[in-house]
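Read the structure below first, then the notes.
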Amino acid sequence: MNLKISALEYVQEVKNGNISAEDFMAKTLERIEKIDDKIHAFLHVNPEVLDHARVIDKKIKSGEKVGSCFGMPISIKDNICIKNARTSCASKMLHDFVAPYDATVISRLKKEDAIFVGKVNLDEFAMGLTTEFSAYGPTHNPWNTDYVPGGSSGGSGASVSSFECVASLGSDTGGSTRNPASFCGVVGYKPTYGLISRFGLISYANSIEQIGPVTRTVKDTAFMLNIISGKDAHDDTTVDNHNQDYLSEIELGVEGKKIGVIKEMMGEGIDPLVLSATQNAISKFENLGAICEEVSLDMVKYSVAAYYTITATEAGSNLARYDNLLYGYDFPVEGYEFNAYISKARTKFGPEVTRRMILGGFVPSAGHAGKYLLKALKVKQKLTEEIDQLFQKYDYLIAPTVPILPFKIGEKIDDPIALFLVDINTVTANLTGRPAISVPFSMANGLPIGMQIMANSMEDKALLQAAFALESTVTLPEVPI
Ligand code: GLN
């Protein structure tokens, strides 16, 4: 049985009776069993998935109505709540936390008969971009297991690219679906802010983050969006997309479209191999009839600093709830004075999360806010104004998703500033609420390179059209694992 099929192909195969949901699931479990000790994408595999798959097959046989996912195995980043499943955020702090409810994305996928094959690894509380900051050990890049898979949704990227599931859900605060998609050679999506409900996503920096699909193809992302996007009564920041069909017209192409190539995302520090891949992507777009021009987005040079200031502030307040009284791990209170207990309990956070919380306490504090948080918010505002202007003239903005190639596990772990800078091309979409996608485009030294395309707010459908057009120009080799 071929596990290397897209979500849409899976649906077709099951519908046509060529494969059963149970057989596909059994093979998926075998694959996980065989390779996941090398990849470590999964934190937890759901032991009941075969039973679920059997139920789907039964429904099909008896002619009952079956949801559009037909029992498709999907992996879920472990900061998204599935009722009765452990949801650890890859943190020792939430080691024993079992979610009491389903995130909206989960209930919508359940309704369509998706099966959640397991919870996948991430940097603790989604803070990071290599998945090395997981309290349960790093995930490895399936293209070369010495390398990082990107992050923070590294488990999503690695599980999709190594055929341990058909698709995945990640979350993207500053690039966390797109970065691992780029490093693992799959598609990663960050929708317009508000397009997908955050209800049941454990917050890191909720004013800018979104859940997003990680898939093998652009069409699969459109398929997932059709299911999970749209207004949700549980999340007031969601927008009404009028049941937009993201798959219809996806093949429309980019003829006559205007594309801005962001100069500041291709400057100092870019790997020459990534630069030449980007130039190649520009020619591909031109061959497809688009008009590409270099554009400037001046505020990009301050975007990483602004991003880390704003996200640390939000993280500081969002993570204050983890006092080990409401949520936590087994650590009895006897013998502790109140504050001493909480201080001790909070030592379970890892070093990166602790660093962000200390920063997040400092940058908005009296006497310092003017110098840090308020300045960062001004940068966010200016960046948004600049991008508003660009989108009056251009349909899309492109740049490489990440300016460098995947690097070795351990190579940058002790250098937080170097790590922060890797986010230079992805944080703009979050700070400005715009949709962005990473499309696998090229290979160098046996490792994938992704191209990022951004569009204006609520132009997600048009964005997927451009992404599909670019994807159609490439064929990448098969992942060696
Ligand atoms: N690398 C960024 C950070 O650490 C982005 C993470 C994310 O998108 N969740 O904050």
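The values are calculated or read from the model by the stated rules, or taken from the named source; none is laboratory data. If you're wondering where the values come from, they're calculated on a predicted model, not measured in any experiment. Positions of Cβ are backbone-derived with ideal geometry, glycine not excepted, and every protein chain shown enters the neighbour counts. Accessible surface areas use protein heavy atoms only, side chains included; no ligands, DNA or RNA. Shrake-Rupley method; radii C 1.70, N 1.55, O 1.52, S 1.80 Å.
Given (1) outside any helix (DSSP H, G or I); (2) open to solvent by 10 Å² or more (accessible area, probe 1.4 Å); (3) among the aliphatic types (A, V, I, L, M); (4) within 21 Å of Tyr10 (Cα to Cα), identify the lone condition not met by Leu43.
For Leu43, the failing item is (4).
Filter segment 408-420 down to the residues that are of a type outside the set (Val, Ile, Thr) and out of contact with any helix residue (DSSP H, G or I) (no Cβ under 6 Å at 6 or more places or on another chain), then identify the one that is nearest to the ligand (Cβ to nearest atom).
Within segment 408-420, the first condition is being of a type outside the set (Val, Ile, Thr), and the residues that meet it are 408, 410-412, 414-416, 418-420.
From what's left, out of contact with any helix residue (DSSP H, G or I) (no Cβ under 6 Å at 6 or more places or on another chain): 408, 410-411, 414-416, 418-419.
On the way: Lys408: 18, Gly410: 17, Glu411: 16, Asp414: 16, Asp415: 14, Pro416: 9, Ala418: 12, Leu419: 7 Å.
My answer is Leu419.
Are any of the residues in segment 212-226 away from the ligand (no atom under 16 Å from the Cβ) and more than 30 Å from Ile35 (Cα to Cα)?
Looking for residues that are away from the ligand (no atom under 16 Å from the Cβ) and more than 30 Å from Ile35 (Cα to Cα), one finds at least one in segment 212-226, hence yes.
Inside segment 360-369, can you point out the residues that are within 16 Å of the ligand (Cβ to nearest atom) and either farther than 27 Å from Asp96 by Cα or free of Cβ contacts under 8 Å to residues at least 40 places away in the same chain (or both)?
Val363
For segment 142-168, name all the residues that are part of a strand (DSSP E or B) and either at positive phi or in contact with a helix residue (DSSP H, G or I) (Cβ under 6 Å, 6 or more places away or on another chain) (or both).
Within segment 142-168, the first condition is being part of a strand (DSSP E or B), and the residues that meet it are 144, 147, 167-168.
Once the filter is applied, which keeps residues that are part of a strand (DSSP E or B) and either at positive phi or in contact with a helix residue (DSSP H, G or I) (Cβ under 6 Å, 6 or more places away or on another chain) (or both), segment 142-168 yields Ala167, Ser168.
Can you name the condition, by its number, that Val439 falls short on among (1) within 14 Å of the ligand (Cβ to nearest atom); (2) under 20 Å from the mean Cα position of the chain (by Cα)?
Of (1) within 14 Å of the ligand (Cβ to nearest atom); (2) under 20 Å from the mean Cα position of the chain (by Cα), only one is false for Val439: (1).
Looking only at segment 218-264, filter to residues that are in a loop (DSSP other than H, G, I, E, B) and among the aliphatic types (A, V, I, L, M); which one of those is surrounded by the fewest Cβ atoms within 10 Å (Cβ to Cβ)?
Let us first name the residues in segment 218-264 that are in a loop (DSSP other than H, G, I, E, B), namely 230-231, 233-234, 236-257.
Pick out the ones that are also among the aliphatic types (A, V, I, L, M) and you get 233, 239, 247, 250, 252, 254.
On the way: Ala233: 9, Val239: 17, Leu247: 19, Ile250: 19, Leu252: 15, Val254: 25.
Selected residue: Ala233.
Taking Ile202, is it open to solvent by 10 Å² or more (accessible area, probe 1.4 Å), over 26 Å from Phe407 (Cβ atoms), in contact (Cβ under 8 Å) with a residue 12 or more places away in the chain and within 12 Å of the ligand (Cβ to nearest atom)?
So Ile202 fits the description; yes.
Give me a count of the residues in segment 64-81 that are under 17 Å from the mean Cα position of the chain (by Cα) and assigned to a loop (DSSP other than H, G, I, E, B). Walk me through it before giving the result.
The first filter runs over segment 64-81 and keeps only residues under 17 Å from the mean Cα position of the chain (by Cα), leaving 74-81.
Right, trim to assigned to a loop (DSSP other than H, G, I, E, B) and you get 78-79, 81.
Adding up the residues that qualify gives 3.
Provide a single number: the residues in segment 353-377 that are part of a helix (DSSP H, G or I) and of a type outside the set (Ser, Thr, Tyr).
At the first step, the residues of segment 353-377 found to be part of a helix (DSSP H, G or I) are 353-362, 373-377.
After this cut, where a residue has to be of a type outside the set (Ser, Thr, Tyr) as well, the list is 353, 355-362, 373-377.
Looking only at that region, the number is 14.
Would you be able to tell me the number of residues in segment 174-198 that are more than 29 Å from Glu478 (Cβ to Cβ) and within 8 Å of the ligand (Cβ to nearest atom)?
Residues flagged as more than 29 Å from Glu478 (Cβ to Cβ) and within 8 Å of the ligand (Cβ to nearest atom) within segment 174-198 amount to 1.
Please name all residue pairs, on different chains or six or more residues apart, with Cβ atoms under 7 Å, provided the first residue is in segment 118-135 and is of a type in the set (Asp, Glu) and the second residue is assigned to a strand (DSSP E or B) and within 8 Å of the ligand (Cβ to nearest atom).
That search, which allows pairs on different chains as well, returns nothing.
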